[in-house]
Amino acid sequence: MRNALVLMLFLISFTAFPQQTDWDHVDQKVARIPAFAENSIPALASWINKEFTNQPDQSRAIHRWIAMNLRYDFTSSIAELTKMENQMIVESAFQTRRSVCGGYAGLMDSLCKLVKIDSYVIDGYTIQDGKINPNPHAWVAAKINEKWYLFDPTWSSGSLVNGNYEHEFDGAYFMVSPEKMILSHIPFDPIWQFLDFPQYSKNETVFRTKTQYDFSDSIRKYMQLSNKQQITDEIRRIGESQATNQAIVKRLSFLYDNLDVELYNENIKLYNKAINIYNDAVTKWDDYINFRNKNLDNIQSIKKKRPLLDELIRSLDSAISIMEEMTSITSDVAGGANNLRRSIYTMKSQILEEKQLMSRS
């Protein structure tokens, strides 16, 4: 299951704050991009990297190309999209030139990384006409010349006008400061606001926290965590904000579903690790039994194998400890785990009995 939620966004224009207006030199060159540069995502990144030498121009080229070459896909099935891996969504967006916000944002993030611009895909919700849109949305944060800016290539590609989608570039959503983007785009997790004092929306009201936030340190720590811990920490931070609206309810449901998947995968990983240890112990135990049966008239040679029996005991204890790390075990895993546990204890009992017999001989 993919570790990002992608749902349809009903587009609408709003007044934003572009950082610069003189981008004609970039936009004109992007409009004349050679065909070979559009053969693949790496080819596009390579062309941009060659044609533009500074980060603002590179980010503009990426943003402009995506906004003008992708069209919003109103026919996509949300259920199908949520089952796709992030990279599949990005590849599909590039190949078909159609996507929802996750494809727009994911493609921009991929291209930024290829031209060595630090970037992240941000999941959140939007405020449109003064009201919270309950449908989750995705946009991009990119570090341009050591400063973080926000980009929404989806909203830059067009908008709904009288119920019809008009594909027209809107530069208002390019390179927006965090202080201005927060007026319309609210990340689910406050660390992605890039603000010293994060803001939250409760029902239809936006309010600012009074506690200063070190978002740089929080992001650095976040990126070092496992997927499971990232999900757990986001759930905790959302809870600490005490913000409630339909979009956040949907996000929490999505996070808990993904946490279940992470727990399941973690349990499977632990189970497989334990069963590999057990199978290795079975092989060594069988080898020992064969050796013993062939050397019953040479007790001393059998006793020399005692260290092997001690090693097997330690291995089985290790497998048991690994299985004790399994939590929230689902029914389809529980049966196999219980059988494995019984097998481990049975083998351990046999080995201990063998050690006792060896001591008496």
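The values are calculated or read from the model by the stated rules, or taken from the named source; none is laboratory data. Computed from a predicted structure; not experimentally measured. Cβ coordinates were reconstructed from backbone atoms using ideal geometry, including for glycine residues, and neighbour counts include every protein chain displayed.
Of the residues screened, Asp332 is not one that is out of contact with any Asp or Glu (no Cβ under 7 Å at 6 or more places or on another chain), at pLDDT 95 or above, in a helix (DSSP H, G or I) and surrounded by fewer than 16 Cβ atoms within 10 Å (Cβ to Cβ).
Looking at the structure I just gave you, is Arg342 within 30 Å of Lys228 (Cα to Cα) and either among the basic types (Lys, Arg) or assigned to a helix (DSSP H, G or I) (or both)? Criteria met by Arg342.
Could you please let me know if Leu357 is aliphatic (A, V, I, L, M) and either modelled with pLDDT of 95 or more or not in a helix (DSSP H, G or I) (or both)?
no
Considering Glu179, Glu168, the condition of being in a loop (DSSP other than H, G, I, E, B), under 26 Å from Asp22 (Cα atoms), modelled with pLDDT under 95 and of a type outside the set (Val, Ile, Thr) is satisfied by Glu168 alone.
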